Amino acid sequence: MLPKLVTPKYDMIVPSTGETITYRPYVVKEEKILLIAMESENEATIEKAVIDIIKICVETPIAFKELTNFDVEYMFVTLRSKSVGEGVEIQLKCQHCEEINEHKIDLEKVKVKNIEDAPDKHIKITDDISVDLKWLKMDDRLSDKERKTGADTVINMIAKSIETIYSGEETFAVKDSPKKEVVDFVESLNTTQFTQLVDVISEAPTLNYKIDLACKECGKESKIELNGLSDFFQ
């Protein structure tokens, strides 16, 4: 019988909960899932591959649907750093001459932006109506129908981000309300009210990495920020 390789185990902290979980690096059979997904250049396919790999490699029982999007992003980058090494090469465009430059990211230095200084998620809409927002979780992922247009995407994203609605003395838990009623509520907002919600959601915690790029062609420096998992797959 052929020998079996021993895969090391590591601990990481889930950003949104502070919970410590145990995981193993992904191996070739799991990396194959990712490579096939990346070849498709389809965002939903890549997202599914990332989720599948995390589910396979994280050994601590967790309520996966309760994880936020930034939890999943951070978990995957942490997995990737232990699986393929801390340095990952990506291509970046110079902000001055647009020359493409190779740059190595140190995945060990990727942080979750806005986790400690996140904006207040309680928003006053009118004198009588206010809402509590939440950071989107994996269970809140939009369907293809909900992403039909850019406007549909934003409206449905905001609808799924609303956790509670307060109207005078009444409190409404959105999870107990029909989806159409929540979307109708969002669509009834005026531009200023809607922008208030969009502004808060746009400041949700996300992966962040800052780069000072010295262009190989023009020699000028570009200050570049990577935000969100998709930026790390350039």
Residues to consider are ASP231, ASP212; find the one that is within 24 Å of THR68 (Cα to Cα) and among the acidic types (Asp, Glu).
ASP231
Extreme residue, farthest from LEU197 (Cα to Cα), among residues of region 125-180 that are among the acidic types (Asp, Glu), touching a residue at least 12 places away in the same chain (Cβ under 8 Å) and part of a helix (DSSP H, G or I)
ASP139
If MET75 meets every condition in (1) surrounded by fewer than 16 Cβ atoms within 10 Å (Cβ to Cβ); (2) closer than 20 Å to LEU207 by Cα apart from one, which number is that one?
(1)
Selection count where residues are over 20 Å from the mean Cα position of the chain (by Cα) and either outside any strand (DSSP E or B) or crowded, with 17+ Cβ neighbours inside 10 Å (or both), scope region 214-234:
7
Could you grab the pairs with beta carbons closer than 7 Å, sequence gap of 6+ or different chains, first residue in region 40-55 and under 16 Å from TYR26 (Cβ atoms), second one outside any helix (DSSP H, G or I) and at pLDDT 85 or above?
ILE53/TYR26
Name the single residue, out of those in region 22-49 being within 19 Å of THR7 (Cβ to Cβ) and either in contact with a Leu (Cβ under 7 Å, 6 or more places away or on another chain) or of a type in the set (Lys, Arg) (or both), that is surrounded by the fewest Cβ atoms within 10 Å (Cβ to Cβ).
LYS29
Among (1) assigned to a strand (DSSP E or B); (2) under 30 Å from TYR10 (Cα atoms); (3) of a type in the set (A, V, I, L, M), there is one condition VAL72 misses while meeting the rest; what is its number?
(1)
Residue in region 200-213 that is surrounded by the fewest Cβ atoms within 10 Å (Cβ to Cβ), counting only those that are among the hydroxyl-bearing types (Ser, Thr, Tyr) and over 17 Å from LYS104 (Cα atoms)
SER202
Evaluate the following for VAL110: is it surrounded by 12 or more Cβ atoms within 10 Å (Cβ to Cβ), aliphatic (A, V, I, L, M) and either free of Cβ contacts under 8 Å to residues at least 24 places away in the same chain or over 18 Å from LYS210 (Cβ atoms) (or both)?
no
Considering each residue of region 184-202, count those that are of a type outside the set (S, T, N, Q) and in a loop (DSSP other than H, G, I, E, B), and give that number.
1
Checklist (1) surrounded by 12 or more Cβ atoms within 10 Å (Cβ to Cβ); (2) outside the structural domain of ASN227 (by TED's automatic domain parsing) applied to LEU2, failing item
(1)
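The values are calculated or read from the model by the stated rules, or taken from the named source; none is laboratory data. Treat the numbers as computed from the prediction; the structure is a model and nothing was measured. Cβ atoms come from the backbone with ideal geometry, glycine included; neighbour counts cover every protein chain shown.
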